[in-house]
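Throughout, read-outs are computed from the coordinates displayed, never taken from laboratory work. For clarity, every value in this text was computed on a predicted model and none was experimentally measured. Cβ: placed from backbone, ideal geometry, glycine included. Neighbour counts: every protein chain shown.
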Amino acid sequence: MPLTFRKSFRVLPGVKVNINRKSWSVTTGGKHGPRRTVSSDGRRTTSMDLPGPFGYRHTTSSSSSRRTSRGSKLKTLTRALRGGKH
């Protein structure tokens, strides 16, 4: 079994710093709203817990040159909340 390391520090209300063996990240947001995470390796993740066993997560990588506008992200989130395909 490999050894793992992960530590999370709350630096301000709604702001956490997460550290593991390979990288670190900063997470903003709370339990009941959307959370945004930016990691040292360039990943950006937006996630949100939905009622029941559902959740929403959208991840972009630094190697991806394609960026979506805020409006299209909102449309994707709205479709996900309604249960449609995206």
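Counting other C-beta atoms within 10 Å, and keeping those with at most 10, which DSSP coil trypsin sites (Lys or Arg not before Pro) do you find in segment 16-54?
Within segment 16-54, the qualifying trypsin sites (Lys or Arg not before Pro) (loop, at most 10 other Cβ atoms within 10 Å) are 21, 22, 31.
Where a ≥ b ≥ c are the square roots of the eigenvalues of the C-alpha gyration tensor, would you call segment 10-49 rounded, which needs a/c under 1.5, or, failing that, prolate if a/b is larger than b/c, or oblate? Mind showing how you got there, number by number?
Working: a/c = 2.58, a/b = 1.43, b/c = 1.80.
In terms of gyration-tensor shape, oblate.
At 0.36 nm per residue, minus the direct Cα-Cα distance, what do residue 31 and residue 47 gain on full extension? Give it in nm, one decimal, please.
4.7 nm
If I take R0 = 22 Å and measure r between the Cβ atoms of residue 1 and residue 23 in this structure, what FRET efficiency does the formula 1/(1 + (r/R0)^6) give, to the nearest 0.05?
The calculated FRET efficiency here is 0.55.
Extending each Cα 7 Å along its Cβ direction at residue 38 and residue 56, get the distance between those two points in nm, one decimal.
Going by the 7 Å Cα→Cβ label model, 2.2 nm.
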